[in-house]
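The values are calculated or read from the model by the stated rules, or taken from the named source; none is laboratory data. On a predicted model such as this, the values are computed, not experimentally measured, just so you know. Virtual Cβ from ideal backbone geometry, glycine too; neighbours counted across all protein chains shown.
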């Protein structure tokens, strides 16, 4: 577990003064990652998206480290090339510093458009950490649905209306997919549980090979919540087990947090405007289906982790 008092004394590679939206949790997640890294030299690759666009508005930048802006699809591929060059220079005794390599991408640039380059990079075994800040849609380009978008969420390309209840598919389980690549470390985290998140970042950076962390990062525009409620929403997601906290360390599944009293998914849904249509006449069946699927996924996770059934 990281020492929070010591970490707070270190300079972060991510500075305040960026231009992310009020209430956005992505920069909170990046700040926590930066605290976990501490003062170690870092090279960051950032896929095009909200985080990149709002933190590098010319002529300013919020990044105090080596930073590479990548296309939507190739953050992992770019960083794997940089990591390879670094190892080549180390072999030639042209570099002696230990550098950490971290890629950031939203769910659009990770689950979907960037998945091919991410899968290839981890299969090749590059020593790098890829972090997805998952806000559940293509928020930067107009709140279109992604494969991370929850079932029945209202987006501009899965609109709720007379003939639709929103997105009709369950979200992709990307953390499990990355674990299935047999990489040394994969984990799921939430900024509401920041000590757990930072411990996972430190563990991910310590392994010899690729690692992946999926972090829930609510978006006030797409999720339609009061800007003060972002962290509360991540906590609710964990307590309802919609977003369970776990890690897969060298193939061993381990639950990081188990709610004392699992909360109903309805509480989390009701806090977001993107599910407002479910709370009118006729939405009861959809809420029931969501709860049943959350319960099923939670039971499957408990089994993988060797935990007693709920």
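Structural remarks
- Looking across segment 35-46 at every residue that is touching a strand residue (DSSP E or B) at 6+ places or on another chain (Cβ under 9 Å) and either assigned to a loop (DSSP other than H, G, I, E, B) or at pLDDT 95 or above (or both), the one that is nearest to residue 77 (Cα to Cα) is identified as 45.
- Residue within segment 9-16 that is under 18 Å from the mean Cα position of the chain (by Cα) and not in a strand (DSSP E or B) present: no
- From the list 269, 290, the one residue that fits, being free of Cβ contacts under 8 Å to residues at least 40 places away in the same chain and crowded, with 16+ Cβ neighbours inside 10 Å, is 269.
- Condition met for residue 258 (in a helix (DSSP H, G or I) and either in contact with a helix residue (DSSP H, G or I) (Cβ under 8 Å, 6 or more places away or on another chain) or over 22 Å from residue 182 (Cβ atoms) (or both)): no
- So residue 246, is it under 30 Å from residue 208 (Cα atoms) and in contact (Cβ under 8 Å) with a residue 24 or more places away in the chain: yes
- Checklist (1) within 18 Å of the chain's Cα centre (by Cα); (2) part of a loop (DSSP other than H, G, I, E, B) applied to residue 234, failing item: (2)
- Residue 53 being surrounded by 23 or more Cβ atoms within 10 Å (Cβ to Cβ), under 20 Å from residue 215 (Cα atoms) and touching a residue at least 24 places away in the same chain (Cβ under 8 Å): no
- The one condition in (1) touching a strand residue (DSSP E or B) at 6+ places or on another chain (Cβ under 8 Å); (2) at pLDDT 95 or above that residue 231 fails to fulfil: (1)
- Subset of segment 17-28 (residues that are in contact (Cβ under 8 Å) with a residue 60 or more places away in the chain and either in contact with a strand residue (DSSP E or B) (Cβ under 8 Å, 6 or more places away or on another chain) or not in a loop (DSSP other than H, G, I, E, B) (or both)): 25, 26, 28
- Tally of residues being touching a residue at least 60 places away in the same chain (Cβ under 8 Å) and part of a loop (DSSP other than H, G, I, E, B) across segment 212-231: 5
- From 49, 66, residue being more than 25 Å from residue 220 (Cα to Cα) and touching a strand residue (DSSP E or B) at 6+ places or on another chain (Cβ under 9 Å): 66
- Test for residue 78: is it within 18 Å of the chain's Cα centre (by Cα) and modelled with pLDDT of 95 or more: no
- For segment 79-102, the candidate set comprises residues that are surrounded by 14 or more Cβ atoms within 10 Å (Cβ to Cβ) and touching a helix residue (DSSP H, G or I) at 6+ places or on another chain (Cβ under 8 Å); within that set, the residue that is nearest to residue 33 (Cα to Cα) is 102.
- When 148, 153 are checked against the criterion of being within 16 Å of residue 216 (Cα to Cα), more than 16 Å from the chain's Cα centre (by Cα) and part of a loop (DSSP other than H, G, I, E, B), 153 stands alone in meeting it.
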